[in-house]
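*Asks:* After the C-alpha cells below, expect a handful of questions from me.
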Amino acid sequence: MIDLRRYEKLHSIQLLKGILRKWWKVELAFADATGYVLDHAEGRLAPPNNRICEWALSSKEGFRRCNESLRNTCDETHLRRERRAVVHECHLGLQVVGCPIEFDGVPAGMLFVGGTLEEPLTAVGEEVLLKKLRELGAVPKAIADFAPAARTIPRLSPVELGQLADLLELGAREIEAYYAAERQQAPEPAATERLRFEHIIGTSPAMQSVFRLLEKIVLSDSTVLIQGESGTGKELVAKAIHQHGPRAAKPFVVQNCSAFNDNLLESALFGHAKGSFTGAVKDKKGLFEVADGGTFFLDEVGDMSPALQVKLLRVLQEGTFTPVGANETREVDVRVIAATHKDLQRMVARGEFREDLYYRIHVIKVAIPALRERIEDLDLLCDHFLHKHWKRRPDAGERRHPRLAAGALAAMRSYPWPGNVRELENEIERLIVLGGDLDELPVELLSPRVREAAPQAHDREAALQFEEAGTLRTALEQVERELIHRGLIRTHWNKSQLAKELGISRSSLIMKAERYGLDRKPEPE
C-alpha cells in the first residue's frame, strides 16, 4: 500500500489546506485505500473544526462509527467511474466530502473534508444530534455548551459544496500527476530512502541535496565536517549519520569545544590520572575513551586551542591519546564528526587553525543551509513544532494544536531568522504558551522582532484584492500566479527546480507560466 503522507508536503496541497481553512474553516485530511485516516494511524485525532466531532471522536464508539462513515465514503468514491468527489452523510448526519486518489488505475486513498452542514440546525435537529451523542457516550460535560457548539459547525451551501468538491478534485489530480511524474523519472532506489531521516524536516531542494549526501556517507567510516550557522541543526545531522551507520549500537558522544577553557576541555576529551592536578582525586576516563567503538561529535571545533588541535590530530591519524598526567598511551576506535559555524579555511590562512588538522577533518563536508535559504520549509517546520510543543502541555489531551493565522505566517516568512531553526522552535514554543487556548495564533502574539517583518502595505493590499477576487476560478488563478511568480524569482527562473518544488511536471509549469505572462525572465533595466 502506498503511503500518501509524503504527498501532504506538496506545495499545492499546503496551499489547498490554507484556502479551505480561510474560506470555510475546515480541515483537509487524507485516508488510505481502506478509508482509514492517516492522522489516526499516527495517534493524532484531527477532527474537523467543530466541537461536535471532537466530542464524538473522544468516545470509543464514536471513533469507530466515524471511521466506518469514512470507509463508506471511500468505498463510494472508488465505485464511481468518473473519479469525482462525492458527498456522504456521516453517522451524526453531518457531511463528508471525499475525492478518490488513484495510482496506475488502482485506488490509493482519498482526500476528504468532514463535519459540515448545508443548513443551520433547527431546534429539532439539535435535539436529534444531542441524542446521537448520548448514544455514543460522548455527552459534553455541560449540556449548556452543546447549543453554542452546534452553531459553530461549518455550513456550506450547495454552491459552496460544489466549489469544495472542485478543490478536492484539483488536489487529488495534482497528487496523481506528481506520482506519475515520479514514475516517469524513475528515481534511483536511494531516493525513496530519504524519508528515513525522519527527524530532519525539509522538502526544499537545498535539504534534498543534504539528504542525498547523507545517504552516501552514513555507511562509511570517514571523518565528516558539518558546517552551518548556529541553530541550523548540525548536531541533528551528526546524530542521523551515527544512527544510520554501522556504529549505531555504540555510543554517540557530544562535546562543545567552546564550553570549557583549555585545561578543562583537555581533561574532558582525554581524561586524567589521579593526582595530575588539584582536585583530581581519582582516574577519570575521557570522552574519547567513552566513545570507543562509536561516534564522537565535536561541536564548534573552530574554538579549539592550537595545543589541543595537535592532540586531536594525533587521535585522528593514529587512534591514540594520552590522558592528562598519565604516561601510558591508549588506543581508541572512534568516528569523529566535527562541526563549526566558522570559516575554517580563512582561519587556516590567518594561522588560527592547523592546516594539517583542517584537511584531516575535511574528508567529507556537509553544508547545512540557513533557514532563510530554505524558507519553503518553514510551513512544515512550524507544523512540526506546533505539534511537538502542544503535546507537552498537560491540558493538550486529544485536541488538535492551534494553527498559525495567515498574517503570522506571512510575517514569519519575511523574517530572516538569524537564529535559524532553533530560533523558529523557540518562537513556536512561545506562541503555544501565550496563545495555546486559541484555535488560531494571530500575528500580534509574535515576538516584536518577527512581527515587524510582516508584509508592508502593498502586500496587505494584495491580500485584500485576493479576498475580493470574485469567482472561485479567479481567486485560484490569482493565488497560482503569485505562487509561480515568487517561485520563479526565488529559483532565478529555473523551471525544472520550481516544478519539483510545486509538485507538478515541467511542461505543466511552462504552460501555466505562458498563460500568466511569466514565461521569460525580465531583462535588467
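The values are calculated or read from the model by the stated rules, or taken from the named source; none is laboratory data. Bear in mind the structure is a predicted one, so any value in this text is a computation, not a measurement. As a convention, Cβ positions derive from the backbone with ideal geometry for all residues, glycine included, and neighbour counts pool all protein chains shown. Accessible surface is based on the protein model in full, side chains and every heavy atom, while ligands, DNA and RNA are left aside. Shrake-Rupley method; radii C 1.70, N 1.55, O 1.52, S 1.80 Å.
*Asks:* If the cut-off is a Cα-Cα distance under 18 Å, which lysines reach Lys60, setting aside same-chain residues fewer than 8 apart in sequence?
*Replies:* Within reach: Lys131, Lys132, Lys141.
*Asks:* Taking a ≥ b ≥ c as the square roots of the Cα gyration tensor eigenvalues, with a/c under 1.5 meaning rounded and otherwise prolate when a/b beats b/c, else oblate, which class fits segment 337-418?
*Replies:* Verdict is prolate for segment 337-418.
*Asks:* Give the aspartates and glutamates reachable from Lys500 as a straight Cα distance under 15 Å; neighbours fewer than 8 places away on the same chain don't count.
*Replies:* Qualifying aspartates and glutamates at Cα under 15 Å: Glu8, Glu174, Glu176, Glu182, Glu376, Asp377.
*Asks:* Let me ask another. To the nearest whole percent, what portion of all C-alpha pairs in segment 378-434 is separated by more than 15 angstrom?
*Replies:* 46
*Asks:* Positive end of the charge dipole of the chain (Lys, Arg +1 and Asp, Glu -1 on Cβ, about the Cα centre): tell me which of Pro205, Ala513, Leu92 has its Cα farthest that way.
*Replies:* Going by the Cα projections, it comes out as Pro205.
*Asks:* Given +1 on the Cβ of Lys and Arg, -1 on the Cβ of Asp and Glu, and no further charges, what dipole in debye does segment 155-304 carry about its Cα centre, rounded to the nearest 20?
*Replies:* Charge dipole of segment 155-304: 520 debye, to the nearest 20.
*Asks:* Within segment 290-428, what whole-number % of the accessible surface is contributed by carbon and sulfur, with the 1.4 Å probe and all protein chains included in the calculation? Spell out each step's value before the answer.
*Replies:* Numbers: 2860 of 6110 Å².
Of all accessible area on segment 290-428, carbon and sulfur atoms account for 47 percent.
*Asks:* Return the long-range amide H neighbours of Glu102 (sequence gap of 5 or more, or a different chain), with a cut-off of under 5 Å between placed amide H atoms.
*Replies:* Ala108
*Asks:* While we're on this one: Just subtract the alpha-carbon distance of Thr223 and Leu434 from 0.36 nm times their residue separation and send over the number in nm, one decimal.
*Replies:* Going from the current span to full extension adds 71.6 nm.
*Asks:* Apply 1/(1 + (r/R0)^6) to the Cβ-Cβ distance of Glu331 and Glu444, taking R0 = 56 Å, and write down the FRET efficiency to the nearest 0.05.
*Replies:* Here the calculated transfer efficiency is 0.40.
*Asks:* Within the set Lys284/Lys311; Lys284/Lys342; Lys239/Lys388, which residue pairs have Cα atoms separated by over 21 Å?
*Replies:* Pairs exceeding the cut-off: Lys284/Lys342.
*Asks:* Something else about it: For Arg515 paired with Val106, estimate the spin-label separation in nm (one decimal), with each label point 7 Å from Cα along the Cα-to-Cβ line.
*Replies:* 3.2
*Asks:* Using a Förster distance of 45 Å, how high is the FRET efficiency between Glu126 and Arg486, based on the Cβ-Cβ distance and rounded to 0.05?
*Replies:* Values: r = 46 Å, r/R0 = 1.02.
E(calc), rounded to 0.05, equals 0.45.
*Asks:* Moving on. Dimensions of segment 236-356 along principal axes (Cα, Å, largest first)?
*Replies:* Principal extents (largest minus smallest coordinate, Cα): 39, 38, 25 Å.
*Asks:* Quick check on the chain: helices-only [θ] at 222 nm, where DSSP H runs of length 4 and up contribute -39,500 (n - 2.57) each and the sum goes over total residues. Nearest 500, please.
*Replies:* Working: 22 runs with 245 residues, N = 525.
About -14000 deg cm²/dmol.
*Asks:* Hey, what angle do you get for helix 378-391 against the long axis of the chain, alpha-carbon based, 0 to 90 degrees rounded to 10?
*Replies:* Between helix and principal axis, roughly 90 degrees.
*Asks:* I've got another one for you. Mind ranking 68-75, 305-312, 144-151 by how tightly packed they are, going by the mean number of other C-beta atoms within 10 angstrom, highest first?
*Replies:* 68-75, 305-312, 144-151
*Asks:* Then there's this: Determine the distance separating the Cα centre of segment 424-451 from the Cα centre of segment 277-325; give it in Å without decimals.
*Replies:* Using only Cα atoms to place each centre, the spacing works out to 42 Å.
*Asks:* Moving on. In terms of the ratio Rg/(2.2 N^0.38 Å) built on C-alpha atoms, what value belongs to the chain?
*Replies:* Numbers: Rg = 27.7 Å, N = 525, 2.2 N^0.38 = 23.8 Å.
This ratio for the chain stands at 1.16.
*Asks:* Of all accessible surface on segment 48-141 at a 1.4 Å probe, what whole percent is carbon and sulfur?
*Replies:* Its accessible area is 48 percent carbon and sulfur atoms.
*Asks:* Please give the charge dipole size of the chain, origin at the Cα centre, charges +1 on K and R Cβ atoms and -1 on D and E Cβ atoms. Round to the nearest 20 debye.
*Replies:* Here the size comes out at about 600 debye.
*Asks:* Among the lysines, which have Cα under 18 Å from the Cα of Lys17 when same-chain residues fewer than 8 positions away are ignored?
*Replies:* By straight Cα distance, Lys17 reaches Lys9, Lys25.
*Asks:* Right, next: Using a 1.4 angstrom probe, figure out how much accessible area the chain has per residue, in square angstrom, rounded to the nearest whole.
*Replies:* 50
*Asks:* Also: For the chain, with the dipole built from +1 on Lys and Arg beta-carbon atoms and -1 on Asp and Glu ones, taken about the Cα centre, which of Met412, Ile13, Ile241 lies farthest toward the positive end?
*Replies:* Ile241
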